[in-house]
Amino acid sequence: MSNKTAAPTLPAPGDMIACAFCRGTGKDPFGLLSERSKCQVCVGTGTVVVRQPRLRCVFCGGSGVYPDSRLTCTVCGGKGANTAEGLSEPCPICRGTGKADVSLGHQPCAACRGMGFVAPRREPVALAVEARRHPERAAAGVGKEGGARRRTAASPKAKLKAKGAVRKGTPT
């Protein structure tokens, strides 16, 4: 047996961008611990990797900071941009803003996960072909338009009964 390990893949030169959270300085932008504290996103390097194609984070506006806070943006991780591979249509729920309903406060849209864009809808023919290739997914409702099949919640006792763990004649 050989002890060869896979060489780490280096990012392409175009995948490196300035860290949005610290604005490329490599230092904590808020100086909470000390003036010499490193940025928690880029770990002091001032640059981060975001693979292309990429889009500016619409949730934080590319700042890397969660709205109205001192925390890193939960959508882009503080990088200020997201990889947009396969995303081409504006989100029908948030209309590309990346933000959930205003009444919920500052929350990312659940449909697009705060990115503002979604993958194009697949045609019913493509879904039927996928159902033939992966019958286990089709049975679970994965990949169907309209979302996954809704499951009803069962009580813990009902779950045990289904497994055969509850004996007949025991009080329910």
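The values are calculated or read from the model by the stated rules, or taken from the named source; none is laboratory data. From a predicted model like this one, the values you see are computed outputs, not experimental measurements. FYI the Cβ positions are ideal-geometry reconstructions off the backbone, even for glycines, and counts take in every protein chain you see.
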State whether the residues of region 62-71 include one that is over 29 Å from Val102 (Cβ atoms), assigned to a loop (DSSP other than H, G, I, E, B) and more than 17 Å from the chain's Cα centre (by Cα).
no
Total residues in region 48-59, condition under 16 Å from the mean Cα position of the chain (by Cα), assigned to a loop (DSSP other than H, G, I, E, B) and touching a residue at least 40 places away in the same chain (Cβ under 8 Å)
4
For region 1-28, how many residues are modelled with pLDDT of 90 or more and either of a type in the set (Lys, Arg) or within 23 Å of the chain's Cα centre (by Cα) (or both)?
8
